[in-house]
Amino acid sequence: MPLWRSLTPLGHPSRISPGVAGTVSVGCLRPGGRSTRVFTENDIPRMDGKVVVVTGANSGIGFEASRMLAGRGAHVVMSCRDEGRMGAALTSLRAMVPDAKVEGLVLDLASLGSIERASNELANSHPHIDVLVNNAGVMAVPERTTVDGFELQFGTNHLGHFAFTGRILPLLDHVNGGRVVTVSSLLHRQGRIDFGAIPRPGKYDQGRQYSMSKLANLLFTYELERRFRKSSSTAIAIGCHPGYSSTNLQHVGPKMRGSPLQALVMRAMNALVAQPAAVGALATVMAATGDVRGGDYVGGTRMNQLRGLPELLRSSPASYDHETAERLWGVSETLTGVTYPFPS
């Protein structure tokens, strides 16, 4: 029996039911017979012959997840918007995992043109992929727009991944239970979808835009799962969060704003509170390889979910709002020009 089918029973592959507009429709968090213990690096199965695409793989959570997956035999396509940083990441990973099967893919999620080019390149080099990890993101940056005029955080974190996932969906293994893993954040709990602020807000608030983008990640995940279940696909969609992990994500905003004080505060917070990126990345790897079902959400549970090894969790009530998810999906299709080709 293939690995993915054993992990995704076809009789009950999902926790998200089709639902009714405006309602939350979610199964039990821990059905009888399933382990509730945390996930560690020792739990990662062999991934020989599996192709995994990771966005934002040059550092932090993306790099650590790529390292773990390559260490278990997966062929990992590490994407990054900067070719130089991508090359450095590939060199570092190969030094850590000498027999790693890895390659780079230039992908800028803030550009629909780059997304289309990267998708075509991926399709030309790989007839199918087994796992897509939507990991890349920007956080708390000054007011900026993407190449296509979208607010940078929402445009990159949600719209960019929406477009990339849709374009490479035909490559995903729809027979043996491929997976789409999307990395959200604890801050999704503070988010709300303001459709008046899409694609750009009238008044910019960096924290509000980031939280909205991270809530959008989960609304997208659960709506994608519903649509998988309505089609003939056995693929599943899973969400996760890395807790408060020490990565470059927290430093980009202060650097772009030229704020030494904020940079100092972030360094202090990382030293006092943050867990290593390798621990935060375990949630991503659990979602990509572990005993999960469609619509699951995984992450650490210690210190109000800031730290800890991952296990099954519930995301915020707002993240399960079917009506909002459907509306966001339609808006995302219109803005990106990408329509999802689900198998019939």
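Points worth noting:
- Taking 1.567 mPa s as the viscosity and 4 °C as the temperature, the Stokes-Einstein diffusion coefficient of segment 35-335 based on its alpha-carbon Kirkwood radius rounds to 68 µm²/s.
- Segment 35-335 - share of DSSP beta bridges that are antiparallel (%, nearest 5): 15
- Residues V331, V133, V102 arranged by fewest to most Cβ contacts within 10 Å: V331, V102, V133
- At R0 = 51 Å, FRET efficiency that the Cβ-Cβ distance of E83 and E323 yields, to 0.05: 0.75
- Segment 150-207 versus segment 269-344: alpha-carbon centroid distance in Å: 11
- Label positions at R192 and R314, each projected 7 Å from the Cα along the C-beta direction, are separated by 2.1 nm.
Every number in this text was worked out from the coordinates using simple rules, so none of it is lab data. Owing to the predicted nature of the structure, the values given are computational and were not obtained by experimental measurement. Glycine gets a Cβ as well: all are built from the backbone with ideal geometry, and neighbour counts include every protein chain shown.
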